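What follows draws every value from the coordinates through simple rules; no lab data is involved. From a predicted model like this one, the values you see are computed outputs, not experimental measurements. In this analysis, Cβ positions are derived from the backbone assuming ideal geometry, glycine residues included, and neighbour counts consider all displayed protein chains.
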Amino acid sequence: MMKAKELKEIRGLSVADLENKLQGLKKDLFMLRMQHATNQLDNPMQIVAVKKDIARIKTIIREKETNV
């Protein structure tokens, strides 16, 4: 889960950098889902945290697109 300091840093990134970060988070989510399906995931709440991080990044991207 992102902390307030990380969110501040992320808001300063360009849309292209945010898209790259979003792709990385989507890959992480895929890997977590695979681990969960094979019962290798210790903490299933990691999936929820990554989903929320993806939503935060998408929200910031959308804000930047509408403020242009």
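Observations, loosely collected:
- For N39, the conditions (1) of a type outside the set (G, A, S); (2) on the phi > 0 side of the Ramachandran plot; (3) in a helix (DSSP H, G or I) all hold with the exception of (3).
- Leading residue by the ranking (surrounded by the fewest Cβ atoms within 10 Å (Cβ to Cβ)) among those in the range 42-68 that are without any contact (Cβ under 8 Å) to a residue 40 or more places away in the chain, β-branched (V, I, T) and outside any loop (DSSP other than H, G, I, E, B): T66
- Leading residue by the ranking (surrounded by the most Cβ atoms within 10 Å (Cβ to Cβ)) among those in the range 7-16 that are in contact with a helix residue (DSSP H, G or I) (Cβ under 9 Å, 6 or more places away or on another chain) and assigned to a helix (DSSP H, G or I): I10
- Positions within the range 17-34 being touching a helix residue (DSSP H, G or I) at 6+ places or on another chain (Cβ under 9 Å) and either closer than 13 Å to R56 by Cα or of a type in the set (S, T, N, Q) (or both), in sequence order: L18, E19, K21, L22, L25, K26
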